[in-house]
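Please treat every number below as a calculation from the coordinates, not as lab data. Since we're looking at a predicted model, the values are computed, not measured. Here the Cβ is made from the backbone with ideal geometry for all residues, glycine too, and neighbour counts use every protein chain on show.
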């Protein structure tokens, strides 16, 4: 009978844990916690003896991609589905200038969340907030102000799914949207597949493109070596082979080849670049600066995006460079 001990030995200690937070959310008695940058059970309880919940909640212990794709899309991915299953691909940007004051690139994800909230399609969203000195931190956003405060990319591990129980049980939210990296998206779909008790509250899933993530401690140390303090940073971005750190009028650009030692170990086992099981996937590559590439994957995702476009939340155009997205996707599959 696999339990937390097996989860720890087979996944966490082997460096396969994506730190998504699903195991923490799954624990019905809150015994698992986020401690020192990883999921831990500080003390074994009697209730743990015959409990397998956290083990089976982990998408690293089992992820039936074919069955799950069938549940989401009605079919499984074919060999020629270079970026996964999708219905439409476009470029888009938010129209609201207040969003652009906070957003990383186009503000599309923020615009989608605001539309869902203002149209009462969701009660809140689980997103990555920013703690002190750019430390990623999961948060439940229930208002326009909270959604705007979470805009912009934060690099590093954020156990977003640990907030599912917080959102549904403590905050009493009935309909939520989860925003995350491909590993978060897979974790969500796995929870839905195994009929996790709180999964019905998850109405929308937005995925973000990801080559690899960084370990915060290594990243911050690397940035410090370039003479920049994390507390001084106003924006972090990646483009054209460089990791850019913006501080006021100054921009320090670090070649990506010099950041490989920052990469999270679990990323080496990931073959998903564009969050292939999301309702909507969003990323900056494939479009010009100030725009985002948007992959509408599910019927639900396409319908929502069409509605928010009609109501003036975003402007759209044809994508500039679809080839790059396909190339990045195929490259990540080959490197697994």
(message) Suppose the chain between residue 194 and residue 170 were pulled fully straight at 0.36 nm per residue; how much longer would it get relative to their current alpha carbon spacing?
(response) 6.4 nm
(message) Just to be sure I follow: if Rg is taken over the C-alpha atoms of region 83-128 and Rh is the Kirkwood radius over the same atoms, what is Rg/Rh?
(response) 1.02
(message) Just to verify a number: FRET efficiency for residue 232 and residue 261, C-beta to C-beta distance, R0 = 22 Å, to 0.05?
(response) 0.45
(request) Using every Cα-Cα pair within region 216-260, state what percent have a distance larger than 12 Å. (result) 57 percent
(request) Run the quick spin-label model on residue 52 and residue 268: label points 7 Å from Cα toward the beta carbon, then report their separation in nm to one decimal. (result) 3.0 nm
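Restricting things to alpha carbons, find the Rg to Rh ratio for region 166-297 using the Kirkwood radius for Rh.
Details: Rg = 17.4 Å, Rh = 16.8 Å.
On the Cα set of region 166-297, Rg over Rh gives 1.03.
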(message) Using the Cα atoms of the chain, I'd like the radius of gyration and the largest Cα-Cα distance, Dmax, both in angstrom.
(response) 19.2, 58
(request) Evaluate E = 1/(1 + (r/R0)^6) for residue 6 and residue 300, where r is the Cβ-Cβ distance and R0 equals 30 Å; express this FRET efficiency to the nearest 0.05. (result) 0.30
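Relative to the present Cα-Cα distance, how much length would full extension add between residue 224 and residue 96 at 0.36 nm per residue of separation? Let's see the in-between values first.
Working: separation 128, 0.36 × 128 = 46.08 nm, distance 3.44 nm.
The span from residue 224 to residue 96 would gain 42.6 nm if fully extended.
For the chain, what does -39500 (n - 2.57) per DSSP helix run (n ≥ 4), summed and divided by total residues, give at 222 nm, in deg cm²/dmol to the nearest 500?
Result for the chain, helices only: -7500 deg cm²/dmol.
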(request) Return the distance in nm (one decimal) between the two label points of a simple spin-label model at residue 144 and residue 334, each offset 7 Å from Cα along Cα→Cβ. (result) 4.7 nm
(request) Pop a pseudo-label 7 angstrom from the Cα along the beta-carbon direction at both residue 253 and residue 316 and give the gap in nm to one decimal. (result) 3.3 nm
